[in-house]
1. Taking the Cα centre of the range 125-172 as the origin, how large is its charge dipole in debye, to the nearest 20, when only Lys and Arg (+1) and Asp and Glu (-1) carry charge on their Cβ atoms?
2. Using modelled amide H (1.01 Å from N, peptide plane; none on Pro or chain starts), what sits under 5 Å from the amide H of V220, excluding residues fewer than 5 places away?
3. Which cross-chain or sequence-distant (5 or more) residues have an amide H under 5 Å from the amide H of R265, H modelled 1.01 Å from N in plane?
4. If you take the charge dipole of the chain about its Cα centre, with +1 on Lys and Arg Cβ and -1 on Asp and Glu Cβ, which of V183, L30, M138 is farthest toward its positive end?
5. What ranking of T250, T225 comes out by heavy-atom accessible area, probe 1.4 Å, highest first?
6. Could you give the size of the charge dipole of the chain about its Cα centre, using +1 on the Cβ of each K and R and -1 on the Cβ of each D and E, expressed in debye and rounded to the nearest 20?
7. When ligands, DNA and RNA are left out and all protein chains stay put, how many square angstrom of accessible area per residue does the chain have with a 1.4 Å probe?
8. Which Cα, out of L48, S92, H224, lies furthest along the positive dipole direction of the chain (beta carbon charges, K/R +1, D/E -1)?
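The values are calculated or read from the model by the stated rules, or taken from the named source; none is laboratory data. Being a predicted model, the structure only gives us computed values, none of them experimental. Cβ: placed from backbone, ideal geometry, glycine included. Neighbour counts: every protein chain shown. These accessible areas exclude ligands, DNA and RNA; they are computed on the full protein's heavy atoms, side chains included. Shrake-Rupley method; radii C 1.70, N 1.55, O 1.52, S 1.80 Å.
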Amino acid sequence: MRRFLRWISKPILSQSYSVARRRIDLGNQLQGAPIYAIGDVHGCLPELKSLEAAIAKDMHLSGRKGLVVLLGDYVNRGPASCQVIDYLIAPSEFGLTRLPLCGNHDDAFSRIIDAQFRGKTSFAMGADKTLLSYGLDMAYLQDLNKKDPDRTKDLLSDAIPLSHRDFLARLPISVKIGDILFVHAGIKPGVALEEQRDVDMLQIREPFLSRGPELESLLVIHGHTPNQIPIIGPNRIGVDTGAFFTGKLTAIKIDGMNSAYLSSR
């Protein structure tokens with residue numbers, strides 16, 4: 001398994017970020033291994049650690065290693081965005097093999113950072129709590145940026161490590177394993193995967209929530225739309241349980257034809 005995901009732990013330190021995000025297709029290479037998909041983290045580090053511990057325990061009890069897919073949104077809303085990224089960049093303390101995907105909040109924050117480095121004003125979308133986790137005050141930065149953009153750029157560069165910027169910029173948008181697509185928000189119903197737009201995969205709700213993927217035999221596992229409990233819809237399962245307001249981060253375990261849920265509490 002690790003040979004397919006070797007790039008995850010090897011940072012590509014670059015200041016040039018591509019607009020289009022990668023889409024991974026592992027085919028049936030993980031056949032027989034359990035897959036765990038974790039919903040939106042949103043700066044909730046204790047919940048992420050607790051859930052990863054539960055996943056590691058489940059693997060130990062079954063005697064079988066598996067892949068952990070994270071469905072995006074590591075930043076914003078919760079208090080510890082910086083610390084969550086630090087945690088995900090480092091090797092798992094539980095020995096888990098992770099594959100983090102991009103969420104709309106991760107993409108937006110990455111674009112905010114990139115815009116500032118290009119001298120454009122772009123502070124929005126709940127970035128205040130994320131910037132605060134890096135020791136930065138958004139109101140101060142906004143005011144400073146009007147007077148001294150270069151100083152703003154320097155503060156961002158000093159506070160947000162290049163490894164964090166690179167992690168956000170190079171997150172893939174989806175991974176397909178067999179007939180299961182893991183993606184942050186969902187896809188546009190009835191549209192072939194190769195024709196799906198990044199914006200839909202990161203942000204869509206309707207008509208996907210009501211209709212599902214509408215692609216033969218495809219099951220979509222996603223986050224993005226929070227509910228108190230995981231939601232099963234037409235050929236889709238949503239596992240975002242709103243960790244930042246419920247205190248519960250959820251993962252679905254898919255093991256062949258069987259599935260189960262694990263929770264941070």
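1. For this selection, approximately 140 debye.
2. HN-HN under 5 Å from V220: L181, R236, I237.
3. For R265, the qualifying residues are L249.
4. The residue sitting farthest along the positive end of the dipole is L30.
5. Order by accessible area, largest first: T225, T250.
6. The dipole magnitude comes to about 420 debye.
7. 45 Å²
8. Working it through, the farthest residue towards the positive pole turns out to be S92.
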